[in-house]
1. What is the residue count in segment 216-237 for residues that are out of contact with any Asp or Glu (no Cβ under 9 Å at 6 or more places or on another chain) and on the phi < 0 side of the Ramachandran plot?
2. Answer yes if at least one residue in segment 148-168 is at pLDDT below 95 and either at positive phi or assigned by TED's automatic domain parsing to the domain that holds Arg244 (or both), and no otherwise.
3. For residues that are in a helix (DSSP H, G or I) and crowded, with 17+ Cβ neighbours inside 10 Å, tally how many sit in segment 258-274.
4. When you look at Leu242, is it outside any loop (DSSP other than H, G, I, E, B) and surrounded by fewer than 19 Cβ atoms within 10 Å (Cβ to Cβ), yes or no?
5. Looking only at segment 224-235, decide whether some residue is buried (at least 18 other Cβ atoms within 10 Å of the Cβ), closer than 18 Å to Gln296 by Cα and in contact (Cβ under 8 Å) with a residue 60 or more places away in the chain.
6. Among the residues of segment 217-270, which ones are charged (D, E, K, R) and over 10 Å from Ala283 (Cα atoms)?
7. Yes or no: Val186 closer than 11 Å to Leu289 by Cβ and more than 16 Å from the chain's Cα centre (by Cα)?
8. Mind counting the residues in segment 241-273 that are at pLDDT 95 or above and in contact with a helix residue (DSSP H, G or I) (Cβ under 8 Å, 6 or more places away or on another chain)?
Amino acid sequence: MGKELKPRTAAGYNADVTVACERTLLTLLSAFGNLKDTLRLVGGLVPRYLTPEAPPEVPSHAGTSDVDIVLNLEVLAEGDEYRSLAEQLKGRGFVRWVEDGKVASWRWRRKVDEHIEVVVELLRDAGEENPGRTVNVSGEAVSALTIKHAKIVHDWYQERTVSAQLLDGGGLSVDQVRFADVPAFVILKAIALDQRQENKDAADLIHVLRYSGSIEKVAGLFVDRIRSGMHMAAVSDGMAALKRRFCDDEYGEGFEKVGAVAYARFHGTDDDDDQVRTQRYAAGLVQALLEQIDTQLEAVKEPA
């Protein structure tokens, strides 16, 4: 089985699949036992928790078809529970992904019903090494794909109580899900968009910025993180990616940039004027955020 391509537009996503992802997530947490508190959710399921649907002010997010989890391998290595991780995953119906005849032990799949299969990706911070490598979890036939700056979610996260029916009739589970907070999510999504330029990355990023609160409030979240002095390389790379993919510069106007176009294409329209308006909205939102962050940082520097 080869790697699936993500849908390019919102029409390719289904609410039933997103619910299946949530059920898969809670089933996955049960496989990690005492280590589940060390897991951090990133990727397309996060907006479900960062910006919960509250019509008409907050519409439902497009959803996702996979579950992305960042592991803390340093913590895993200190305990004994990780030694049975592969067996725990298999016992809960997870199967390793096969790519071009080779087993990818950082990528697992879980059949939910005859129509839906959810993909689970296990990730970890790349550290000083190039991202995109796989690192084995010691003593296990399980690995994690290295992602640039993924470690920020171990410090910058939120928690939410989530309930869902476990797969295979396991009953209703109520658990704490720990997921990337707004700055961490936007930074990681901006870097992902910068690297692979997928429509869904731009759509997730703009959705979270748009519905997490006023631009002043969202900028304040970033300023708080910046003032902490932590993960400054990640902040710098994330801000640079946002500017490169959404903002006016000597190369062109922001609405012409990859990020703005990807966002508009995800929300597909046949009307050229609507397309441009959507592009301008995305670029304007990101530029307003960055300007507000600068304004708030300058205000902090000014003497009382």
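1. First, the residues of segment 216-237 that are out of contact with any Asp or Glu (no Cβ under 9 Å at 6 or more places or on another chain): 216-218, 220, 222-224, 226-227, 229, 232-236.
Then keep just the ones that are on the phi < 0 side of the Ramachandran plot; that gives 216-218, 220, 222-224, 226-227, 232-236.
Of the residues in that region, 14 qualify.
2. Yes - at least one qualifying residue is present in segment 148-168.
3. Going through segment 258-274, the residues in a helix (DSSP H, G or I) turn out to be 258-266, 272-274.
Of the ones still in play, those that are also crowded, with 17+ Cβ neighbours inside 10 Å are 259-266.
Matching residues across segment 258-274 total 8.
4. Numbers: outside any loop (DSSP other than H, G, I, E, B): yes; surrounded by fewer than 19 Cβ atoms within 10 Å (Cβ to Cβ): no.
Criteria not met by Leu242.
5. Step one: list which residues in segment 224-235 are buried (at least 18 other Cβ atoms within 10 Å of the Cβ), which gives 225-226, 231, 234-235.
Next, from what is left, pick out any that are closer than 18 Å to Gln296 by Cα: 225-226, 235.
Still in the running and in contact (Cβ under 8 Å) with a residue 60 or more places away in the chain: 225-226.
Among the residues of segment 224-235, at least one is buried (at least 18 other Cβ atoms within 10 Å of the Cβ), closer than 18 Å to Gln296 by Cα and in contact (Cβ under 8 Å) with a residue 60 or more places away in the chain, which makes the answer yes.
6. Going residue by residue through segment 217-270, those that are charged (D, E, K, R) are 217, 224-225, 227, 237, 243-245, 248-250, 253, 256-257, 265, 270.
Of everything in segment 217-270, those that are charged (D, E, K, R) and over 10 Å from Ala283 (Cα atoms) turn out to be Lys217, Asp224, Arg225, Arg227, Asp237, Arg244, Asp249, Glu250, Arg265, Asp270.
7. On the way: closer than 11 Å to Leu289 by Cβ: yes; more than 16 Å from the chain's Cα centre (by Cα): no.
Against the criterion (closer than 11 Å to Leu289 by Cβ and more than 16 Å from the chain's Cα centre (by Cα)), Val186 does not qualify.
8. Number satisfying all stated conditions: 23.
The values are calculated or read from the model by the stated rules, or taken from the named source; none is laboratory data. Here the structure is a predicted model, which is why all the values come from computation and not from measurement. As a convention, Cβ positions derive from the backbone with ideal geometry for all residues, glycine included, and neighbour counts pool all protein chains shown.
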